[in-house]
Amino acid sequence: MQFHKNHFSNPEEIHVWTVPLAPRESAQERLERLLSDDEKQRMEEFRFEHLRRRYIRTRGALRTILAGYCGKPPGELRFGTGRYGKPFLVNSSDTLAFNLSHCEDLAVIAVTAGKAVGVDVEKVRHMQNLDSILNRFFTAEELDFIHGAPGEQQPRAFFTLWTRREAAAKAQGLNLEAALTGIRIPVYAPGGSTSLSGLAGDESTGKKPAASWCIQDLELDPNHCGAVCAEGGKFVFFVKDFE
């Protein structure tokens, strides 16, 4: 797979990479060789082989994708983390920004030319404690949105709202508590987008909040919900597949 530096045609672009996490024997050893010593140590902490393999594929794909934009070998990339764990590149002169999310069988990586970005993906599933989460953290408007969906579609409605909140919090470098209690996003139709103002600022870096943010749902597949949030009033995003 070939990449080129300066891959963005304009600063408003967001590239969203989907990474299936099913094991691929032909690529597994190659991706593992790209990992840093810290990543390999983290890999060994997983008790189950399938979790180790998913971790290798996620981190190896992240390194491969970012290396294409940076013009550096994947193994030379170094990462730091903000206060709540949001990763960033520490040895690149590029203004590249990125964010990563993964669930059981799919990872999603969002990359921008420098705009703060957050992404979230969730596998749609039934949750036994859904009502307690809704009643504690969700607004009346959000409850109407979820309860207004047909019964079999309510889990998807919930995760549609959940991923929007998570993406907004992660764009800011905030934590899960902020997503549940501090982020308020207007309800809009699935598959659409909305603009926000302010939010909370990035507590990990002290960065002031952007004047405006844009959130857009990701059209993935019937089994997943996803959303991406980036600073600025608008953006154009392209979904790409990592082989």
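The values are calculated or read from the model by the stated rules, or taken from the named source; none is laboratory data. What you see is a predicted model; the values in this text were computed from it and never measured. Reconstructed Cβ throughout: ideal geometry from the backbone, glycine too, with neighbour counts over all protein chains shown.
Here are the numbers:
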{"quantity": "Scope the stretch 42-80; condition under 21 Å from HIS15 (Cα atoms) and among the β-branched types (Val, Ile, Thr); matching residues", "calculated": "THR58, THR64, ILE65"}
{"quantity": "Wholly within the stretch 73-138, strands (runs of 3 or more DSSP E) carrying at least 1 residues that are of a type in the set (D, E, K, R) and at pLDDT 90 or above", "calculated": "117-123"}
{"quantity": "Scan of the stretch 145-177 for residues that are free of Cβ contacts under 8 Å to residues at least 12 places away in the same chain and of a type in the set (D, E, K, R), ordered by number", "calculated": "GLU152, GLU177"}
{"quantity": "Cβ pairs under 9 Å, 6+ apart, first in the stretch 121-142 and within 18 Å of PRO190 (Cβ to Cβ) and touching a residue at least 60 places away in the same chain (Cβ under 8 Å), second part of a strand (DSSP E or B) and among the hydroxyl-bearing types (Ser, Thr, Tyr)", "calculated": "VAL121/THR18; VAL121/SER101; GLU122/SER101"}
{"quantity": "Counted residues, the stretch 41-71 - those being closer than 23 Å to LEU96 by Cβ and either surrounded by fewer than 16 Cβ atoms within 10 Å (Cβ to Cβ) or not hydrophobic (A, V, I, L, M, F, W, C) (or both)", "calculated": "11"}
{"quantity": "Residue within the stretch 157-165 that is modelled with pLDDT under 95, part of a helix (DSSP H, G or I), more than 24 Å from PRO20 (Cα to Cα) and not assigned by TED's automatic domain parsing to the domain that holds LYS86 present", "calculated": "no"}
{"quantity": "Any hit, the stretch 28-40, residues being surrounded by 12 or more Cβ atoms within 10 Å (Cβ to Cβ), modelled with pLDDT under 90 and among the polar types (S, T, N, Q)", "calculated": "yes"}
{"quantity": "When residues of the stretch 215-243 are limited to those that are part of a loop (DSSP other than H, G, I, E, B) and not basic (Lys, Arg), the one surrounded by the fewest Cβ atoms within 10 Å (Cβ to Cβ)", "calculated": "PRO222"}
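Quick grid of which residues meet (1) surrounded by fewer than 20 Cβ atoms within 10 Å (Cβ to Cβ); (2) basic (Lys, Arg); (3) under 27 Å from GLU243 (Cβ atoms):
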| residue | (1), (2), (3) |
| --- | --- |
| ASN99 | no, no, yes |
| ILE109 | no, no, yes |
| GLY114 | yes, no, yes |
| HIS147 | yes, no, no |
| GLN153 | yes, no, no |
| TRP162 | no, no, no |
